[in-house]
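Let me give you the structure first, and then I'll get to my questions.
FYI, it's all coordinate maths here, none of it is from the lab. Source: prediction; values computed, not measured. Reconstructed Cβ throughout: ideal geometry from the backbone, glycine too, with neighbour counts over all protein chains shown.
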Amino acid sequence: MTDMTTMTDAAIAVDAAATMGEAATMGEAATADAAAVTGAAAVTGTAAMTGASAVPGETAVPGEVATAGVVIRNNDAACGGEDRGARLERLAAAYRADRRERGPRTADGEWAGGAIDDWVDNLTGARRRLRPVSVDALTVGMAETLAVRDALIVSLVTGGDGLDKTVLMDFVRRPHTPRACGRMGGMLSRAFRDPDGRPDRSRCLKGVAMLEHMAAGAPDRFRVQPLAAIAYVRWWNGDASAMGHALQALALDGRCSLASIVLGALRRGMYPAWHGEPTARPAPRARAGA
């Protein structure tokens, strides 16, 4: 991973991201991972997020969407009965080829743009369901570049800026840049340290439901990051089920640093300031390659 200049304690989320070194797929800074390092979480037995909302249903929409130069159709029937696992693998191969041909910035922007719009519209209530094309685009996107996963996490646990589509797409397209790293780290650090920064429970529940929908029925490698993101969001909200989701992600891929950090956070008994406990010190940084 690209080394970063050491930041102040207040921005340690960004600094710690440079130590993750999670996957060759990224090279992009896993700043959402690092927010857990800034204060790692305690989960008491009482969950702030209780229950699970219903998984959004899929409604077939006629037509098709061109994403990153690849046509993704809106329902399985339109794909000739292709099962989801085969479809995700096909799309992932095409996405990787497009990133090589046109470069990550262009390919990632086209791949994720419509899906991020759809995601935010679902969080804000502008839409009632995540379209099947967006489910597939985000599932594949998270497996290929952690910047997609990190943008989704930011949209759930931070304030109003987390719903700014332009901001989220900047994180997806330009995860290496000082501006994107600094902004994401700042947003996560502020949300983590703010004693009045209780996350929007409804937004988090909607996001977790969509992430669960992405993981459901997918091949193992496509389930890892949605499960890790669920673990992170549930940890942030004080939900004891965070541990189970983190363990599931690690069972599928022992190199998933975000899941490891969530477990470490739980063991250290530290969590966002809105829980009412002081964050006396940042947790130790994750080791590179962990």
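Sort segment 105-149 into rounded, prolate or oblate with this rule: let a ≥ b ≥ c be the square roots of the eigenvalues of the Cα gyration tensor; rounded if a/c is under 1.5, and if a/c is not under 1.5, prolate when a/b is larger than b/c, oblate otherwise.
Working: a/c = 2.16, a/b = 1.85, b/c = 1.17.
Judged from the Cα gyration tensor, segment 105-149 comes out prolate (a/c at least 1.5, a/b above b/c).
So who's got an amide H within less than 5 Å of the one on TYR271, skipping anything under 5 residues away but keeping other chains? H placed 1.01 Å off N, in plane.
Result for TYR271 returns ALA42.
With θ taken as phi - 60° and the coefficients 6.51, -1.76 and 1.60, list the Karplus ³J(HN,Hα) couplings across segment 88-104 in order, rounded to whole Hz; mark glycine and proline as x.
5, 5, 5, 5, 4, 4, 5, 5, 4, 5, 5, 5, 5, 6, 10, x, x
I need the peptides 105-112, 145-152 ranked by packing, meaning the mean over residues of other C-beta atoms within 10 angstrom, with the highest value on top.
Order by mean packing, descending: 145-152, 105-112.
Modelled label-to-label distance, ARG102 and ARG190, 7 Å Cα→beta-carbon offset: nm?
If labels sit at ARG102 and ARG190, their model points lie 3.3 nm apart.
A follow-up question, please. Specify whether the C-alpha gyration tensor of segment 137-218 places it in the rounded, prolate or oblate class, a ≥ b ≥ c being the square roots of the eigenvalues: rounded for a/c under 1.5, otherwise prolate if a/b is larger than b/c and oblate if not.
Note, shape of segment 137-218 comes out oblate.
Quick one: dipole size for segment 129-251, taken about the Cα centre, charges +1 on Lys/Arg Cβ and -1 on Asp/Glu Cβ, in debye to the nearest 20.
160
Which whole-Hz couplings ³J(HN,Hα) result when phi for each residue of segment 165-174 is put into the Karplus expression 6.51 cos²θ - 1.76 cosθ + 1.60, θ = phi - 60°, listed in order with x for Gly and Pro?
4, 5, 4, 4, 5, 5, 5, 6, 6, 10
With unit charges on the beta carbons (Lys and Arg positive, Asp and Glu negative) and the dipole taken about the Cα centre of segment 130-219, which residue among ALA216, ALA180, VAL148 sits farthest to the positive side?
Result: ALA180, furthest along the dipole toward the positive end.
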